[in-house]
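Inspection log for the structure reproduced underneath, given as structure tokens.
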Amino acid sequence: MKKLYRFLDERLGLEAFANFWLRKLLPPSTNWLFTLGGAAFFLFVVQIVTGIFLALYYAPTPNGAYASVTYIQEKVLFGKIIRGIHNWAASFLMVIVPLHLLRVFFWGAYKKPRELTWIMGVLLFLLTAAFAFTGYLLPWDQKGYWATVVGTNMMGLVPLVGEYILKIVRGGMELGALALTRFYAVHVLILPALLIFFLGLHLFLISKHGSAGSWDENKNDLSRGFPFYPKQAARDLVVAFLLVSALLLLAWRIGAPLDDMADPTDETYIPRPDWYFLFLFQMLKYFPGRWEIVGALVLPGLFVAFLLLLPFIDQKPRKAPYRRPLALLFGGGAVFGFVLLTLLALKDDLKIRATQAEAVRFDPTWAAEGERLFVENGCDGCHLEGGRKAGTGPSLIGAGRRHPQAWMIQHFKDPQSMSPGSKMPRFDYLREDEMIKLIHYIKSLKRLPSN
């Protein structure tokens, strides 16, 4: 073994590598919070390994995508576990990477000479969000499809060039086969290449400038420091072990979600993203109509711009949070706003699920009257064969099970408010009892024969 090690060392410089990384001195203030960066790196590796496995079975076409994901879930050995790990590791990254940024922010570790290290970290955070967004569509299920419709619609709000951006992202104005292929190519080719580049540059800058340590420079005397190995390396291994244990448990007990296959004609579906994008969906509610661009682009854009320019805005040498009240206020406000908007969105989700579970007693007499109203109001012009077949509008079979009565009434009154982008006209001139009769008819589509 010694001869083999000497052979490899002479050609690869193993000893120099060990001296550079494993024996590099860390400030004595380095603690468990400094494992967040290593945890993020470990999760990126997990995503790459599990992503390669999933790509071996995935078919990036509308017909093949859902079928291949179902095949992975049900037929491939350990496929359900590996897809579950990939899904949960993405959620973990959306926690670990922001926490790492927050730790650096509150410690003031973005200041000279680590400005570029901070900027690389912000770019890696944006790449993490881009991975989550582009991966969302790939299963080609209802949830991923309609959340992506809403997400890409935001890009279309950019003044002057929004329509062109939308066409580039989707490959057209509608979300279809070209969009799926582009999202797949970005997810497995472009973003991993950017990740490797920026992550490599980030690690190089860390090695050049070293760990920033505490905001109290008196606690950063390297003469009292300790090497990365074994103390900090052991901490990183403990965190990695805990992450693997959590990922395996969640993948085994819960797995990765998979909704019904995407139906582009079903404009009645309520789009809801994963928890880490809920704050953005919630924020859009407070900027309706022509103000939507503020919640979708202006505020998120200003936030990202502030993060990138922060080292040049705050150039004073003081690092302690209590000596940077404005920075502390901004950071605390951003965290509070994200948590509050997410909790409000989760509260709305609970309301939706609760109302979806409500049981409305079926009345065949009302259903028969609802069928008459369906024809009289021209609904069968878009929903063919009495709503049983898709035309310019979707088939309505099953819509009565998917949506609660309150949602459907509001959809009759103002379709755009419940299904952004819907082409259905408003039926707010109907009385509420007439709308309820229509709902009973829609609920009856599998119970009553077509006239």
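Read-outs throughout are calculated quantities, based only on the coordinates presented, and are distinct from any laboratory measurement. Here the structure is a predicted model, which is why all the values come from computation and not from measurement. Glycine also receives a Cβ, built like all others from the backbone with ideal geometry; neighbour counts cover every protein chain displayed.
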Cβ charges +1 (Lys, Arg) and -1 (Asp, Glu), total dipole of region 206-254, debye: 160 debye
Virtual spin-label span in nm between residue 17 and residue 216, 7 Å along Cα→Cβ: 3.8 nm
Cα convex hull volume per residue for region 146-268 (Å³): 222 Å³
Region 364-443: C-alpha gyration tensor shape, a/c 1.5 cut-off, then a/b vs b/c: rounded
Charge dipole of the chain about the Cα centre (unit charges at C-beta), most positive-ward option of 301, 27, 71: 27
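Once you wrap a convex hull around the alpha carbon atoms of region 93-186, what is its projected area averaged over all directions, in nm²? Mind dumping the intermediate values first?
Working: hull surface 30.2 nm².
Hull-based average projected area comes out at 7.5 nm².
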Dimensions (Å) - region 25-262, Cα atoms, principal axes, largest first: 62, 49, 23
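Using 0.36 nm per residue, how much length does the chain from residue 298 to residue 158 gain when fully extended, once their Cα-Cα distance is taken away? Intermediate results must be reported in sequence, preceding the final value.
Numbers: separation 140, 0.36 × 140 = 50.40 nm, distance 0.96 nm.
Taking 0.36 nm per residue and subtracting the Cα distance, the gain is 49.4 nm.
Under a Cβ-only charge scheme (Lys and Arg +1, Asp and Glu -1), can you give me the dipole magnitude of region 25-262 about the Cα centre, in debye to the nearest 20?
Numbers: 17 positive and 11 negative charges, 94 e Å.
Roughly 460 debye, rounded to the nearest 20.
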Qualifying lysines (Cα of each under 26 Å from Cα of residue 111; at least 8 residues distant if same chain): 24, 208, 219, 316, 319
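Working out 0.36 nm times the residue gap between residue 309 and residue 165, then minus their Cα-Cα distance, what length gain in nm do you get to one decimal? Please list the in-between numbers first.
On the way: separation 144, 0.36 × 144 = 51.84 nm, distance 2.54 nm.
Additional length available on full extension: 49.3 nm.
Could you size up the charge dipole of the chain around its Cα centre, putting +1 on the beta carbon of Lys and Arg and -1 on that of Asp and Glu, and report it in debye to the nearest 20? Kindly include the intermediate steps, with their values, before the conclusion.
Working: 48 positive and 34 negative charges, 377 e Å.
I would put it at about 1820 debye.
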Of 393, 128, 156, farthest towards positive along the dipole that unit charges on Lys, Arg, Asp, Glu beta carbons give the chain: 128
Simple spin-label estimate for residue 320 and residue 260 in nanometres, 7 Å along Cα-Cβ: 6.1 nm
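With 10 angstrom as the radius, rank 413, 443 by how many other C-beta atoms surround their C-beta, starting from the fewest.
Placing the least packed residue first, the sequence is 413, 443.
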Whichever aspartates and glutamates have a C-alpha closer than 19 Å to that of residue 75, once near sequence neighbours (fewer than 8 apart) are set aside: 141, 259, 260
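Could you order peptides 320-331, 34-45, 133-144, 161-172 by the average number of other Cβ atoms within 10 Å of their residues, highest first? The partial results should precede the final answer.
Working: 320-331: 13.6, 34-45: 19.9, 133-144: 22.3, 161-172: 15.2.
Highest-to-lowest ranking by the protection proxy: 133-144, 34-45, 161-172, 320-331.
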Selected from 145, 181, 334, residue furthest toward positive end of dipole (the chain; charges at beta carbon): 334
Per principal axis, descending, Cα span of the chain in whole Å: 87, 53, 41
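Hey, what number do you get for the chain at 222 nm if only DSSP H runs of n ≥ 4 count, each worth -39500 (n - 2.57), divided across all residues, to the nearest 500?
Numbers: 20 runs with 272 residues, N = 451.
About -19500 deg cm²/dmol.
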Candidate lysines for bridging to residue 437, where Cα separation is under 21 Å - those fewer than 8 sequence places away on the same chain excluded: 389, 413, 446
With Cα atoms, 0 to 90° folded angle of helix 233-253 axis to the chain main axis: 20 degrees
Nitroxide proxy distance, nm - points 7 Å out along Cα→Cβ at residue 126 and residue 9: 4.4 nm
Angle in degrees between helix 432-443 and the longest Cα principal axis of the chain, rounded to the nearest 10: 80 degrees
Cβ-Cβ FRET estimate between residue 116 and residue 245, R0 fixed at 41 Å, reported to 0.05: 0.70
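Pull out the extension gain between residue 95 and residue 61, defined as 0.36 nm times the separation in residues minus the alpha carbon to alpha carbon distance; nm, one decimal.
Residue separation times 0.36 nm, minus the Cα-Cα distance, leaves 9.1 nm.
So how do 424, 155 line up by other beta-carbon neighbours within 10 Å, fewest first? Please report the intermediate quantities before stating the final value.
Details: 424 20, 155 17.
Neighbour counts put them in this order, fewest first: 155, 424.
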